[in-house]
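The values are calculated or read from the model by the stated rules, or taken from the named source; none is laboratory data. None of the values given here were measured: they were computed from a predicted structure. All Cβ positions, glycine included, derive from the backbone under ideal geometry; neighbour counts span all protein chains shown.
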Amino acid sequence: MSNPWIAIGALAVVALAIPITMMVVSSLLRPSVPEQGKTATYESGEVPTGSSQKIKFNIQYYMVALLFLVFDIETVLIFPWTVIYRDAVSAVGMTRILLPMVVFIGILAVGLGWAWRNGAVRWVRSPRATKGADTYE
Amino acid sequence: MQSAPLPESLADLAGLDPNSTPVMILMSLIGAALIGSLMMTNTALAGPWAKRKITAAFTDRIAVDRIGPFGLLIIVADSVRLLSKELIVPEGVDRPAWDLAPLLIASSALLGFAVIPMGNGLHLADPEVGLAYVFATASMASIGLVMAGYASNNKYSFLGGLRAVAQNLAYEIPLILTGASVVIFAGSLQISEIVAAQSATLIGPIPSWYAFVNPFAFVLFMIANLAEVGRNPFDIPEAPTEIVAGYQTEYSSVYFVLIYLGEFIHIFLGGAIIATIFLGGPAGPVLPGIVWFLIKIWGVFLFTQWARSAVPRVRIDQLIEIGWKGMLVLSLANLLLTAVIVGVVA
């Protein structure tokens with residue numbers, strides 16, 4: 001059995017080569033007509049105002065990302081458990097392998113319940129966020 | 001079906017020694033090019049042609065039928081047209097990130113196919129962490145979406161990027177937890193073992209595909225997959241009637257092609273994951289494995305297009321609530337229930 005990561009690396013090379021080839025082909029084909037005006041960003045026909053990287057956005061996006069971090073680490077810890085689960089059931093019995101995971105997921109469920117009660121997973125518009133004219137959802 | 005990985009069988013075919021590293025690197029590159037072109041062919045068929053035909057059939061119209069048989073040559077016409085468009089670089093874009101995002105979106109989705117068994121020995125690599133690897137590559141696109149949204153210097157793009165990441169984060173966990181419930185059955189992350197574990201029969205002629213063994217997980221996975229690939233009812237990252245085109249608003253020419261391509265490869269990657277862990281991989285009666293594999297991934301593609309035409313879009317607040325309050329709780333319940341059932345049966 002050869003190292004499978006050689007083949008995966010080869011696909012990585014191919015996966016990069018295909019888009020880069022397309023970019024090169026396109027750069028040979030396409031015209032370039034530099035002209036003022038068409039480089040303006042699209043804002044439904046209005047003259048664009050300000051930078052988009054400085055707009056205020058809903059803090060909720062941050063809450064969701066924070067919650068994701070917790071549960072993503074949790075999935076990392078669950079995966080090894082799922083791999084050995086079947087063998088472990090016959091080796092040490094079901095309660096000894098299942099109970100710790102039930103407790104672990106239980107703690108997470110309590111955490112999710114807490115976040116739920118505090119409105120972290122409810123999409124609320126805070127009055128402060130909707131007051132200014134330069135704020136977006 | 002349990003055959004050697006593609007590079008080794010290619011080396012056998014060429015009569016070269018599969019134990020020497022340079023031979024394996026060469027054969028891996030040939031195999032990778034083969035897999036890459038197969039998926040690019042599928043995407044080329046799906047993007048400019050099948051998608052239009054399917055949507056037209058749903059909305060009672062006639063789609064592309066002017067050029068070639070069934071309008072198939074529109075694929076050639078469209079690729080030439082899109083590649084020869086001028087690339088407009090908008091003012092104030094964050095340059096390296098703006099260029100890298102389309103590249104990342106297109107290539108990350110293609111990477112996942114390395115571990116997918118496509119039947120007839122078309123299986124590039126079979127590492128022990130196969131399933132974890134494929135989930136990892138599938139979620140890399142989120143980074144590309146944020147990069148595209150942030151670097152474009154466009155408010156629509158920025159909102160689209162934020163929405164895309166909120167959605168992908170919210171449905172990533174249910175997707176992976178449901179995938180983990182399959183691992184409980186199979187007892188391995190190695191893709192070939194997961195496929196082999198589904199080759200027995202359940203009752204009568206029904207095979208023990210995990211879609212039949214655990215239909216609840218299958219439904220959850222299909223829904224989470226719709227959200228991951230950003231199709232209705234979860235298409236708010238691009239929501240054409242709200243934020244123009246979301247993160248891809250400012251992209252033109254080849255960059256637009258790459259983002260569009262990446263989306264379609266991503267749908268097929270989702271289909272390939274579903275086919276592999278829920279529908280027995282390339283298994284099926286009579287027809288060869290590769291045909292069954294293609295039927296399965298096109299079936300999932302058809303499902304996403306059906307949802308796109310038939311299901312209304314959810315709002316961002318509904319999206320977050322469905323994800324965190326519904327899908328997450330259900331997938332945790334599914335994981336524990338699967339563990340109990342497997343524990344009792346085993």
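Show the residue pairs that are 6+ apart or on different chains and have beta-carbon atoms under 9 Å apart, the first residue being within segment A:66-86 and more than 9 Å from every other protein chain (Cβ to nearest Cβ), the second being of a type in the set (F, W, Y).
A:L77/A:F104
Taking the condition within 30 Å of B:L111 (Cβ to Cβ) and more than 7 Å from chain B (Cβ to nearest Cβ), does A:L28 pass?
So A:L28 passes the test.
Between B:G187, B:G204, which is surrounded by fewer than 24 Cβ atoms within 10 Å (Cβ to Cβ), on the phi > 0 side of the Ramachandran plot and either β-branched (V, I, T) or within 14 Å of chain A (Cβ to nearest Cβ) (or both)?
The unique qualifying residue is B:G187.
Only one residue in A:Q36, A:Q60 is more than 7 Å from chain B (Cβ to nearest Cβ) and either charged (D, E, K, R) or crowded, with 19+ Cβ neighbours inside 10 Å (or both). Which one?
Residue meeting the stated conditions: A:Q60.
Cβ contacts < 6 Å: first residue aliphatic (A, V, I, L, M), restricted to segment B:124-149; second residue part of a loop (DSSP other than H, G, I, E, B), any location; separation 6+ or different chain. Result?
Once the first residue is aliphatic (A, V, I, L, M) and sits in segment B:124-149, its partners that are part of a loop (DSSP other than H, G, I, E, B) give B:A125/B:P5; B:V129/B:L189; B:L131/B:L189; B:A132/B:L189.
If we only count helices (runs of 4 or more DSSP H) wholly inside segment A:30-137, which ones have 3 or more residues that are closer than 30 Å to B:V182 by Cα and at pLDDT 75 or above?
By residue number, A:60-92, A:94-117.
So B:G271 ticks every box in (1) in a loop (DSSP other than H, G, I, E, B); (2) more than 14 Å from chain A (Cβ to nearest Cβ); (3) of a type outside the set (A, V, I, L, M, F, W, C) but one. Which box is left unticked?
(1)
Within segment B:290-346, how many residues are at the interface with chain A (Cβ under 9 Å from one of its Cβ atoms) and not in a helix (DSSP H, G or I)?
2
Return the total of residues in segment A:64-78 being under 30 Å from B:Y251 (Cα atoms) and in contact with a Gly (Cβ under 9 Å, 6 or more places away or on another chain).
1
Inspect segment B:114-121 for any residue being without any contact (Cβ under 8 Å) to a residue 60 or more places away in the chain and crowded, with 19+ Cβ neighbours inside 10 Å and give the result as yes or no.
The answer is no, given that none of the residues of segment B:114-121 is without any contact (Cβ under 8 Å) to a residue 60 or more places away in the chain and crowded, with 19+ Cβ neighbours inside 10 Å.
Of all residues in segment A:53-101, how many are of a type in the set (F, W, Y) and within 23 Å of B:Q190 (Cβ to Cβ)?
Residues meeting the conditions: 3.
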